[in-house]
Amino acid sequence: MILVTGATGRVGGEVVRQLTAAGVPGVRALARDRGRARLPVPVAEGDLAVPGSLDAALEGVSKVFLVWPTLRADHAAPETIKRLAGRHVVYFSSAAAGAGDPINASHAEIERLIREHASAWTFLRITGLAANDLKWADGIRRDGVVREPSAGWARSHIHEADVAAAAVRVLTGEGHDGTAHVLTGPQALTAPERVAVLSEVLGRELRFEQPSPEEVREQYAAVFGAEVAEGLVARMTGPAPEPEPVTATVEELTGRPARTYRAWAADHWR
């Protein structure tokens, strides 16, 4: 039995879809509200932030695809991860796990707990999801303007379907225990370059603007709170980091190259 957490989200939902399409038997999804989940597999109700709610969902499970609700559930992480003992945990993590900001510090702590408690583990570390750029939708609809910090940072964003394809290979294959795979798209693009791709895909002129640090702080504080926002602002508004790496891991795992940012844009913006 494979349990897919985050199954109503973008990545977990795609893992469920691809496992189903491949005819993999014994797939179960975890959702906080079973009644609202519309999935093609049995759904168990439970919340990773409430360890005691997971017992029924984990019954008979040998492998878990773990999408951790970062920060929201960190208080429960030790007890929740202990409940995964005896299982192979495939964790959707970050290539920057352990970096100074709170989100990547959380990823590093979850990895540590998994190593300590799971009988087997595989980490799928991504540089960034292309789908995060969907946050630009309001500005694009309103006035054709994208506002994003760190304009010079080239990021190797990945299509969620490629993350899922790699996860399916790990969940259904052998030889991945104790491995941390870094998954990326096939090229590293700055935010203005990604906006140019979206402009071509949408067939309309878009403009890129870089907000001030104060605007970035306010934006992140509204989502993550003031303390987390400070760490993110320091990372996003300082000198542009080195371009993110580009790996061939998606092709090595799945047998096909990672989808381009343009392909992702065509899938989501037309």
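Inside region 88-103, can you point out the residues that are in a loop (DSSP other than H, G, I, E, B) and open to solvent by 20 Å² or more (accessible area, probe 1.4 Å)?
Selection gives A95, A96, A97, G98, A99, G100.
Go through region 110-131 and count every residue that is within 16 Å of the chain's Cα centre (by Cα) and not basic (K, R).
11
Out of all the residues in region 61-87, which are surrounded by fewer than 19 Cβ atoms within 10 Å (Cβ to Cβ), in contact with a Phe, Trp or Tyr (Cβ under 8 Å, 6 or more places away or on another chain) and at pLDDT 95 or above?
The answer is none; no residue qualifies.
Six or more apart or on different chains, Cβ atoms under 7 Å: show the pairs whose first residue is in region 164-181 and modelled with pLDDT of 95 or more and whose second is assigned to a loop (DSSP other than H, G, I, E, B).
Partner pairs satisfying both residue conditions: V168/A22; V170/H176; T172/V24.
Could you list, in sequence order, the residues of region 86-127 that are over 16 Å from L71 (Cα atoms) and β-branched (V, I, T)?
Matches in region 86-127: V89, V90, I114, T122, I126, T127.
P245: closer than 29 Å to D143 by Cβ and surrounded by fewer than 19 Cβ atoms within 10 Å (Cβ to Cβ), yes or no? Steps first, answer last, please.
On the way: closer than 29 Å to D143 by Cβ: no; surrounded by fewer than 19 Cβ atoms within 10 Å (Cβ to Cβ): yes.
Criteria not met by P245.
Which one is modelled with the lowest pLDDT, of the residues in region 248-270 that are surrounded by fewer than 18 Cβ atoms within 10 Å (Cβ to Cβ) and not in a helix (DSSP H, G or I)?
R270
Return the residues of region 154-165 that are open to solvent by less than 30 Å² (accessible area, probe 1.4 Å), in contact with an Asp or Glu (Cβ under 8 Å, 6 or more places away or on another chain) and not in a helix (DSSP H, G or I); say none if nothing qualifies.
Answer for region 154-165, where residues must be open to solvent by less than 30 Å² (accessible area, probe 1.4 Å), in contact with an Asp or Glu (Cβ under 8 Å, 6 or more places away or on another chain) and not in a helix (DSSP H, G or I): A154, S156, H157, H159.
Restricting region 192-208 to residues that are touching a residue at least 24 places away in the same chain (Cβ under 8 Å) and aliphatic (A, V, I, L, M), which is surrounded by the most Cβ atoms within 10 Å (Cβ to Cβ)?
Only one residue tops the list, namely V195.
Here are the criteria: (1) within 21 Å of the chain's Cα centre (by Cα); (2) open to solvent by less than 70 Å² (accessible area, probe 1.4 Å); (3) of a type outside the set (K, R). Tell me which single one L58 does not satisfy.
Among (1) within 21 Å of the chain's Cα centre (by Cα); (2) open to solvent by less than 70 Å² (accessible area, probe 1.4 Å); (3) of a type outside the set (K, R), L58 violates only (1).
Can you tell me which residues in region 166-191 are open to solvent by 50 Å² or more (accessible area, probe 1.4 Å) and either assigned to a helix (DSSP H, G or I) or in contact with a helix residue (DSSP H, G or I) (Cβ under 6 Å, 6 or more places away or on another chain) (or both)?
Those that are open to solvent by 50 Å² or more (accessible area, probe 1.4 Å) and either assigned to a helix (DSSP H, G or I) or in contact with a helix residue (DSSP H, G or I) (Cβ under 6 Å, 6 or more places away or on another chain) (or both): R169, T172.
The values are calculated or read from the model by the stated rules, or taken from the named source; none is laboratory data. In this text, all values refer to a predicted model and were calculated from it rather than measured experimentally. Cβ sites come from the backbone with ideal geometry, for glycine too, and all protein chains shown count toward neighbours. Accessible surface areas use protein heavy atoms only, side chains included; no ligands, DNA or RNA. Shrake-Rupley method; radii C 1.70, N 1.55, O 1.52, S 1.80 Å.
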